[in-house]
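Working notes for the structure below.
The values are calculated or read from the model by the stated rules, or taken from the named source; none is laboratory data. Because the structure is a prediction, the values reported are computed rather than measured. Ideal geometry is used to build each Cβ from the backbone, glycine not excepted, and the neighbour counts take in all protein chains shown.
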Amino acid sequence: MFIDDDDKNLVEKKISSKKVFDGVLLHVFKDEVELPNGHHAPREWIKHPGASAVIPLLPDNQIILVRQFRYPVGKITLEIPAGKLDIPGEDPIDCAKRELSEETGYSAGKIWKLTTIATTVGFTNEYIHLYAASDLTVGEIHPDSDEFINVVKIPLTAALQMVETGKIFDSKSAVAILLLAKQIFHEEKR
């Protein structure tokens, strides 16, 4: 993390912390912090175990996405396969491989890290590790019992346009599509 010496005057110090909700996935806290000017302020935030997501790439530059209904936004979304880290200390690449298999049925001969993003820094500590996968082998889809998804193949160029027009608005998917496209199209120009 890049912090300039001039930025040290921005750091808030935790004074107290209270868990106000303890859910299956999310744990909500209300903390009191001391601001850089010495005043106090509340901070409400969500503790999340982290997640991994993977963008599967076919030899013809098509990618595999999943459609699913997302209750919080009330819409069917188009996303890359993803899921939370199931156990403390789980290697994010193992999570990405598991989600690829569960949600698409594919396994990857090659998988590489694109980046790690913080999803919503204003109210959660969730990080998602983004991967790309190629040399895919077809298998059977086996989503979790509460997941209902449709698998979709689309050209990477079409996915880029869908990010630009807002048809793909899920942040992890947009970032992964942009990074993968940059890698592929940069390599093709060489």
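Restricting the stretch 176-190 to residues that are in contact (Cβ under 8 Å) with a residue 60 or more places away in the chain and in contact with a helix residue (DSSP H, G or I) (Cβ under 9 Å, 6 or more places away or on another chain), the residue that is surrounded by the most Cβ atoms within 10 Å (Cβ to Cβ) is LEU180.
Is it the case that the stretch 151-163 has a residue that's assigned by TED's automatic domain parsing to the domain that holds VAL121, surrounded by 13 or more Cβ atoms within 10 Å (Cβ to Cβ), closer than 17 Å to LYS75 by Cβ and modelled with pLDDT under 95? There is no residue in the stretch 151-163 that is assigned by TED's automatic domain parsing to the domain that holds VAL121, surrounded by 13 or more Cβ atoms within 10 Å (Cβ to Cβ), closer than 17 Å to LYS75 by Cβ and modelled with pLDDT under 95.
When GLY83, GLY74 are checked against the criterion of being in the same structural domain as LEU178 (by TED's automatic domain parsing) and farther than 27 Å from LEU114 by Cβ, GLY74 stands alone in meeting it. For the stretch 86-100, check the following and say yes or no: at least one residue is among the aliphatic types (A, V, I, L, M), within 18 Å of the chain's Cα centre (by Cα) and exposed (fewer than 13 other Cβ atoms within 10 Å of the Cβ). Checked against the condition, which is being among the aliphatic types (A, V, I, L, M), within 18 Å of the chain's Cα centre (by Cα) and exposed (fewer than 13 other Cβ atoms within 10 Å of the Cβ), the stretch 86-100 yields at least one hit.
For residues that are part of a loop (DSSP other than H, G, I, E, B) and either aliphatic (A, V, I, L, M) or modelled with pLDDT of 95 or more (or both), scanning just the stretch 130-143, find the one that is surrounded by the most Cβ atoms within 10 Å (Cβ to Cβ).
Narrowing the stretch 130-143 to residues part of a loop (DSSP other than H, G, I, E, B): 138-143.
When the remaining residues are screened for being either aliphatic (A, V, I, L, M) or modelled with pLDDT of 95 or more (or both), the result is 138, 141.
Working: VAL138: 9, ILE141: 16.
Checking each candidate, the answer is ILE141.
A Cβ distance below 9 Å, combined with a sequence gap of six or more or placement on separate chains, defines the contacts here; from the stretch 31-42, residues that are farther than 12 Å from ASN9 by Cβ reach residues that are not in a strand (DSSP E or B) in the pairs VAL33/GLU12; GLU34/GLU12; ALA41/GLU12; ALA41/LEU35.
How many of the residues making up the stretch 92-109 are in a strand (DSSP E or B) and either among the aromatic types (Phe, Trp, Tyr) or without any contact (Cβ under 8 Å) to a residue 12 or more places away in the chain (or both)? Steps first, please.
Filtering the stretch 92-109 for residues in a strand (DSSP E or B) gives 107-109.
Next, only the ones that are either among the aromatic types (Phe, Trp, Tyr) or without any contact (Cβ under 8 Å) to a residue 12 or more places away in the chain (or both) stay: none.
Selection size over the stretch 92-109: 0.
Any residue that is basic (Lys, Arg), farther than 18 Å from PRO59 by Cα, in a helix (DSSP H, G or I) and outside the structural domain of VAL28 (by TED's automatic domain parsing) - is there at least one of those in the stretch 110-129? No: the stretch 110-129 contains no residue that is basic (Lys, Arg), farther than 18 Å from PRO59 by Cα, in a helix (DSSP H, G or I) and outside the structural domain of VAL28 (by TED's automatic domain parsing). Against the list (1) buried (at least 20 other Cβ atoms within 10 Å of the Cβ); (2) of a type in the set (Gly, Ala, Ser); (3) under 23 Å from ILE184 (Cβ atoms), the condition GLY109 fails is (1).
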